[in-house]
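Structure first, commentary second.
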Amino acid sequence: FLGAGKPPMYGDYEAQRHWQEVTYNLPIRQWYFNTSDNNLLYWGLDYPPLTAYHSFLCAYIAKLINPDWIALHTSRGYESQPHKLFMRTTVFLADLLVYIPAVILYCFSLKETSTKKKASICALCILLYPGLILIDHGHFQYPLSLGFALWAVLYLSYDWDLLGSVAFCLALNYKQMELYHSLPFFCYLLGKCFKKGLKGKGLVLLTKIAGTVVVSFAVCWLPFCTDMEQIMQVLRRLFPIDRGLFEACMFSSPPPRLANIWCSLSVLIKIKNIVSPQTQLKLSFAVTFLSLLPTCIKLTVQPSLRGFKFALVSCALSFFLFSFQVHEKSILLVSLPVCLIINEIPFMATWFLLVSTFSMLPLLLKDGLLLAYAVTTPAFLSACVASFSIFEKTSAEDLQLKPFSLSLKGYVSWFKSFPKIVRSLFLLSVTLMGVLSLMSAAVHPPQRLPDLFPVSVSVISCLHFLLFLVYFNVVILWDSKNSRSQKKIS
């Protein structure tokens, strides 16, 4: 794992271990504060309370096995083989208890996967998605926030709105980045309440949902509600707006190796040098909000489960491209909802998931995950080709673009050659990603351009994501199925 044996920070593995050390040995009131026993510059807690509670639970078990693993101060940089096995086991258990069951149940709940075989194939492709495997198990992260979010989608698909609200609150209280998914959840549930009528059943449902959210947050934050300073300190740790629009990943040198619009533009325009931090924040908020607005309005006016899943993709992608302080691995927050629609648009979903993994290549190379990347990515592509016959599903209708093509009227004839064009672009894209991957791993860049390959990966990935954003917005805004096929809400 990245940073192993390299003081003073050691890497993300050490971050997770250190959080266990802090939460077990210090009182709750000190978890998020800088003290002599809790140096926030050394992997200070910067995730919501549920992450801290999970760290405490893991620490309690670790203490029973070997107290040295979480000994205050003296355990820094602890990297024994038994401890590595313990930490890997905790990730696997999180997968086994939360994420994997949600994927399997979701796939078996889909109408499109009418047989057990089809549902199993769909689940296999989602679980083989290399981005999540490489980040959660290679970069060492826990999949709980994505797992809770997936449970929330599953509950909403059965119209269990209160359970869905609880599950999403858990996701948001585990990682604040789940805000990427928050607006689609809000707009979908609000739209359902509007449909039921805000003078009758809709008002009752809205009240129940609001109460559920308040209670869920209150339970998660209760130990920190002793005084306002505790709450404000946690919020300051969760949202460090003083860092500016973006910062170079701590594991890389400038320029930042991130496939969003701000980092890509910084190659040409040094935004951070010409715009003040406060203006950066306002600019980021404005662009993100404007890119989200059409999708959110459509979902509120025409709430449907299908529209909700596509909105999760579009809104998360807008956040990734335009929002404030984004990390490379945040693309997983877009990839999860893309996995949820892989059965509906297998060609575009597979393409996006390949690009999302490729976009993290500089981070994966730093992690020493080149071999894992080279194995899991072709395996995933092969599974999708074999399972969904993706190259046979490239017509305008298969890509959900028929309503849009009909609206073009005189240009409809152009769509006859559309499948061939799309397949050619896909093959060109995959070839480009393959060549850049090989060059990044095996070729030394010119001395004058030491960051040539990581910057190329970021810019090319960003261009892909911008095109995908346009595509998903077109599908959502021109989708007539949302209004025709949505369930009748009485």
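The values are calculated or read from the model by the stated rules, or taken from the named source; none is laboratory data. The shown structure was predicted, so the numbers you read here are calculated from the model rather than taken from an experiment. Don't worry about glycine lacking a Cβ; one is built from the backbone with ideal geometry, like all the others, and counts go over all protein chains shown. These accessible areas exclude ligands, DNA and RNA; they are computed on the full protein's heavy atoms, side chains included. Shrake-Rupley method; radii C 1.70, N 1.55, O 1.52, S 1.80 Å.
A few remarks follow.
- Accessible surface computed residue by residue for the chain, with neighbouring protein chains in place and a 1.4 Å probe, gives 45 Å² per residue.
- Plainly put, the chain has a radius of gyration that is 0.96 times its Kirkwood radius, both from alpha-carbon atoms, as the Rg/Rh ratio.
- 29 Å Cα-Cα threshold exceeded, pairs from K175/K393; K117/K201; K117/K393; K117/K309: K175/K393; K117/K201
- Efficiency of FRET from Cβ geometry, A210 and L85, R₀ 30 Å, rounded to 0.05: 0.10
- Exposure of E229 as accessible area (Å², to 10), given a probe of 1.4 Å and all protein chains: 90
- Heavy-atom accessible surface of segment 242-480: percent carbon and sulfur, 1.4 Å: 70
- With contacts taken as Cα pairs under 8 Å and at least 6 residues apart, segment 144-231 reaches a relative contact order of 26 percent.
- Rel. contact order, % - alpha carbon contacts under 8 angstrom, at least six apart, segment 242-480: 26
- The heavy atoms of R236 offer some 110 square angstrom of accessible surface to a 1.4 angstrom probe.
- Considering all C-alpha pairs of segment 242-480, those separated by over 24 Å amount to 49%.
- Structure-based [θ]222 nm, the chain - -39500 (n - 2.57) summed over DSSP H runs of at least 4, per residue, nearest 500: -20000 deg cm²/dmol
- Between S382 and K420, the modelled labels are 3.1 nm apart [label points 7 Å from Cα along Cα→Cβ].
- From phi via Karplus (6.51, -1.76, 1.60), per-residue ³J(HN,Hα) for segment 375-386 in Hz, x at Gly/Pro: 8, 6, 5, x, 4, 5, 4, 4, 5, 5, 5, 6
- Segment 109-174-segment 47-73 distance, computed between alpha-carbon centres (Å): 26
- The solvent-accessible area of F108, taken with every protein chain present and a 1.4 Å probe, is close to 100 Å².
- Cross-link partners of K192 among aspartates and glutamates, defined as those whose alpha carbon lies under 14 angstrom from its own and excluding same-chain residues fewer than eight positions apart: D159, D161.
- Probe 1.4 Å, all protein chains present, accessible-area order of L363, L452, largest first: L452, L363
- In plain terms, the chain from V301 to K282 could stretch by 4.1 nm, reckoned as 0.36 nm per residue minus the Cα-Cα distance.
- Relative contact order for the chain, counting Cα pairs under 8 Å that sit 6 or more residues apart, in percent: 16
- Heavy-atom accessible area, probed at 1.4 angstrom with all protein chains present, ranks T300, T74 as T74, T300, highest first.
- The equivalent ellipsoid of segment 339-450 has semi-axes of 33, 17, 11 Å, largest first, where each one is the square root of 5 times an eigenvalue of the Cα gyration tensor.
- Straight-line cross-link partners of K63 among the lysines, defined as a Cα under 19 Å from its Cα and at least 8 positions apart when in the same chain: K84.
- Per residue convex hull volume, Cα atoms of segment 302-371, in Å³: 92
- Ranked order, H327, H464 - accessible area, probe 1.4 Å, largest first: H327, H464
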